[in-house]
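Colleague: One structure, as structure tokens, below. Some questions next.
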Amino acid sequence: MGLIRKADDLWIIEDSGVRCFLFTGVSRAYVVDTGMNITDLKKIISTVTDLPVTVINTHADRDHVNCNHQFEDIFMHPSEFDRYHGSQPERTDVNP
């Protein structure tokens, strides 16, 4: 697993062939997908920024949502909710 800086405000987090993307803004950071084999994505992100983080899931497959439980603000398309709840039953508060 690795953290690769691509620009001042963009990092790629490599996770055994799965990628997460971290964008930092002025008042908030955004992570696109939360990986599959990463155990503490929040800790990795904290090495880059202390901004609050919003998760944006591209879809609900396990390799994209594994660390969602580490974050408060999570968004995905409502059509993915059934699949998400099947792979992550402990979270019910994902926002459309």
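The values are calculated or read from the model by the stated rules, or taken from the named source; none is laboratory data. All figures in this text were calculated on a predicted structure; none of them were measured in a lab. Accessible surface is based on the protein model in full, side chains and every heavy atom, while ligands, DNA and RNA are left aside. Shrake-Rupley method; radii C 1.70, N 1.55, O 1.52, S 1.80 Å.
Colleague: Taking all protein chains in place and a 1.4 Å probe, what share, in percent, of the accessible surface of the chain do carbon and sulfur account for? Show your work: numbers first, answer last.
Modeller: Details: 2750 of 5380 Å².
Ligands and nucleic acids excluded, carbon and sulfur reach 51 percent.
Colleague: Give me the Å³ per residue figure for the convex hull around the C-alpha atoms of the range 16-69. Intermediate results must be reported in sequence, preceding the final value.
Modeller: Numbers: hull volume 4.0 nm³, N = 54.
It is 74 Å³ per residue.
Colleague: In whole Å, what are the Cα extents of the range 1-43 along the three principal axes, biggest one first?
Modeller: Principal extents (largest minus smallest coordinate, Cα): 29, 18, 15 Å.
Colleague: Hey, what do the phi angles of the range 40-49 turn into as Karplus ³J(HN,Hα) couplings, whole Hz, using 6.51/-1.76/1.60 and θ = phi - 60°, x for Gly and Pro?
Modeller: Calculated HN-Hα couplings, in order: 9, 5, 4, 5, 4, 4, 5, 6, 9, 8 Hz.
Colleague: Another question, then. If you wrap a convex hull around the C-alpha atoms of the chain and split its volume per residue, what is the figure in Å³?
Modeller: About 88 Å³ per residue, rounded to a whole number.
Colleague: Same structure again: Per residue, how much accessible area does the range 25-83 show when a 1.4 Å probe rolls over the protein heavy atoms, in square angstrom?
Modeller: On the way: 3160 Å² over 59 residues.
Per residue, the range 25-83 has 53 Å² of solvent-accessible surface.
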